[in-house]
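Since the structure comes first, as structure tokens, the remarks are kept for the end.
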Amino acid sequence: MGKRSNFERREADFYPTPRAAVVPLIPYLRGVRSFAEPCAGDGDLVRHLQGFGLRCVYAGDIHTGQDALKFDHYGAADAIITDPPYNRPVMHVLIEHFQRIAPTWLLLESDWASTRQASPFMASCSDIVAIGRVKWIEGSKHTGKDNHAWYRFNARHNGGPVFHCRSGDTVTPIRRTGICEQCRKAYEPQRSSSRFCSQACKQSAYRSRLSGTPAVTASSGLFRYVQRAEVPGYTAEGWEPLPALDGTDHGEYSLLMRRRVEQG
């Protein structure tokens, strides 16, 4: 793990998980009776969880030949609970892989949630349980310099996280990510009502809605998107501007217009 400390960094970021880091998680494991630990190291986290009555159905580690990315299921495990390596490329791949197998609790730095690299993962993060600073070096008088938290990821979840304070209070934070209704990718919304990640996706969604209605198609010649500078000319030729389909403006450069049809 990439921990900041005054100690020399350990090879492969190997830091056994102390029991004090596990205790705050236990109240949030409701319904979890069995677990898998795919980054088990020497088994410290497994022993701590078993001490609270949970049953370990799998424990393995890359250093003993069990590559977590080679497993696509863990039998009857209710959840994956692990303290993963903090090498960012590896950690991000593991998040994607684990959450597709089972609900996954990972012990990570608290500040990670505030970074841009975390943005793609936050929609599927359902809970963040703060635990504060952790004493990683056994026998040391000092804790690490970073606050940590348990993050729960689930590929079936799409609503962002609820943050659980150390006091036990629960607050819902402002969501840092959203899912674009058009391209389905995660993005950082500027407004709470935002639905699309870009103006291009917004316009594409509008065109898709128009093309799905037989009476409102581009081929009919009745509707057209035009640049705003061209609006006066189209108006003079018998076209009229329409409001946006979702009640908001279409954008800085284009506008939906309809050709007036004379009734016979």
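The values are calculated or read from the model by the stated rules, or taken from the named source; none is laboratory data. None of these values were measured; they are calculated from a predicted model. Using ideal geometry, Cβ is built from the backbone for each residue, glycine included, and neighbour counts are taken over all protein chains shown. Side chains are part of the model used for accessible areas, which takes the heavy atoms of the whole protein and leaves out ligands, DNA and RNA. Shrake-Rupley method; radii C 1.70, N 1.55, O 1.52, S 1.80 Å.
Overview of results
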quantity	calculated
Test: residue in the range 56-70 that is in contact with a strand residue (DSSP E or B) (Cβ under 7 Å, 6 or more places away or on another chain) and more than 18 Å from residue 18 (Cα to Cα)	yes
Positions within the range 91-110 being of a type in the set (D, E, K, R) and touching a helix residue (DSSP H, G or I) at 6+ places or on another chain (Cβ under 9 Å), in sequence order	96
Test: residue in the range 89-102 that is in contact with a Leu (Cβ under 6 Å, 6 or more places away or on another chain), modelled with pLDDT under 95 and of a type outside the set (Ser, Thr, Tyr)	no
Hits in the range 138-166 (condition: of a type in the set (D, E, K, R), modelled with pLDDT of 90 or more and either surrounded by 14 or more Cβ atoms within 10 Å (Cβ to Cβ) or in contact with a Gly (Cβ under 8 Å, 6 or more places away or on another chain) (or both))	152
Of residues in the range 213-258 being of a type in the set (Gly, Ala, Ser), at pLDDT below 65 and open to solvent by 50 Å² or more (accessible area, probe 1.4 Å), the one nearest to residue 181 (Cα to Cα)	247
Matching residues, the range 39-92, being farther than 18 Å from residue 153 by Cβ and among the β-branched types (Val, Ile, Thr)	46, 57, 62, 64
